[in-house]
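J.: Encoded as structure tokens, here's the structure I'll be asking about.
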Amino acid sequence: MRASGAFWTRVAGCRKGRNESFTENRAQVSVSLDGVDAATHEWLRGVQGCFQATLEGLQQLVQAGLKPQLVFTLIRRNVEQVTPIILLAERLGAGSIKFNLLQPTERGALLHCSEEALTVRELVELGSRVERQAATGSHIPILFHHPPAFRPLSRLFGESGGGCAVCGIKGILGVLHDGSYALCGIGQSTPDLVFGRADRVSLAAVWQGHPVLQAVRRDLPARLQGICRACLMQGICLGSCAAQNYYRHGNLWGPFWFCEQAYQEHLFPATRLRPEKR
Ligand code: SF4
């Protein structure tokens, strides 16, 4: 297999000698690790034995010369492991670590109905703490993946910042396990965002002509609604995640759940709102 670009992958089972294609093509590899112990990681992933296998796969990637990014999805069960996972990432030789919000789709939607999901208030406070820690204390870049309205400008645009880290929805196309083109992985649960199978429709026809892709390129961010319409960050954020917004609202322009809820709870930074909305 030839590999280039960015990969979000499960590395359990990754074996020595299978990583050359990633290395040759300087691929960016992101690996989910949701705990510093087997019990925590395997509870969230639902696969017994995957913690140790993931550590071994990570070591193989590092030995092959890559700097994989660790991705840590925050839930109540692992929220006390933020500092330990940063230390583990450094020790493993990871290139960076990214803290993800648990999105309310599929299994995440079930967790959001349980005690395992952190509240938006807890996530806003944790994000602020991690941003401060990231600015001062680690050898590797730390990214807390909350929307840019919640990121200090120094972390968005400064030398020590991680950039905007926004979704590249205008320049990507997902391919599902059955060979179907889709907006992204959301196609697995949302048939409206699947654009046809690769053996029946050409890539060029989908890429250039599918009305959903054309609408995304043409109308984001101008058609965003709700808090996203009032937000000064919409030009770089694009509403955070069009797929998530479609899943929640049934259209691509609905507001992102986290910012919508933060605004309702008076947690949204007023300085990131258009003056007439403050
Ligand atoms: S309100 Fe919308 S556009 Fe603004 S930061 Fe949040 S998700 Fe992005």
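Each value in this text was obtained by applying a stated rule to the coordinates, not by laboratory testing. What you see is a predicted model; the values in this text were computed from it and never measured. Cβ placement follows ideal geometry from the backbone for every residue including glycine, while neighbour counts extend to all protein chains displayed.
J.: Rounded to the nearest 20 debye, what is the charge dipole size of the chain about its Cα centre when +1 sits on each Lys and Arg Cβ and -1 on each Asp and Glu Cβ?
T.: 660 debye
J.: Could you order the peptides 128-134, 224-230 from most to least packed, using the average number of other C-beta atoms within 10 Å per residue?
T.: Listed from highest to lowest mean packing, they are 224-230, 128-134.
J.: State whether region 233-275 is rounded, prolate or oblate according to the following rule on the C-alpha gyration tensor (a ≥ b ≥ c being the square roots of its eigenvalues): a/c under 1.5 gives rounded; otherwise a/b larger than b/c gives prolate, and the remaining case gives oblate.
T.: The shape class here is oblate.
J.: Now for a different question. In the chain, if the dipole is taken from +1 on Lys/Arg beta carbons and -1 on Asp/Glu beta carbons about the Cα centre, which of V47, P269, Q188 is farthest to the positive end?
T.: Among V47, P269, Q188, the one farthest towards the positive end of the dipole of the chain is P269.
J.: In deg cm²/dmol and to the nearest 500, what is the mean residue ellipticity at 222 nm of the chain if only DSSP H runs of at least 4 residues count, each as -39500 (n - 2.57), divided by the residue total?
T.: The helix-only estimate for the chain comes to -10500 deg cm²/dmol at 222 nm.
J.: Can you compute the FRET efficiency between D199 and R229 using 1/(1 + (r/R0)^6), with r the Cβ-Cβ distance and R0 = 51 Å? Round to the nearest 0.05.
T.: 0.80
J.: Something else: In nm, what is the difference between 0.36 nm times the number of residues separating N100 and D219 and their Cα-Cα distance?
T.: Numbers: separation 119, 0.36 × 119 = 42.84 nm, distance 2.65 nm.
The N100-D219 span can extend by a further 40.2 nm.
J.: At what distance in nm do the modelled label points of R91 and R77 sit from each other, each positioned 7 Å from its Cα along Cα→Cβ?
T.: The modelled label-to-label distance comes out at 2.2 nm.
J.: Give me the distance between the Cα centres of region 93-127 and region 204-247, rounded to whole Å.
T.: 23 Å
J.: Kindly provide the pair-distance distribution of the chain built from C-alpha pairs, with 5 Å bins from 0 and whole-percent values in order of increasing distance.
T.: All Cα pairs considered, the percentages come to 1, 5, 11, 14, 17, 18, 16, 11, 5, 1, 0, 0.
J.: Does region 175-214 come out rounded, prolate or oblate, given a ≥ b ≥ c as the square roots of the eigenvalues of its C-alpha gyration tensor, rounded meaning a/c under 1.5 and, failing that, prolate meaning a/b above b/c?
T.: The shape class here is oblate.
J.: Give the share of C-alpha pairs in each 5 angstrom bin for region 61-188, from 0 to the last occupied bin, in whole percents, shortest bins first.
T.: 2, 9, 17, 18, 19, 17, 13, 4, 1
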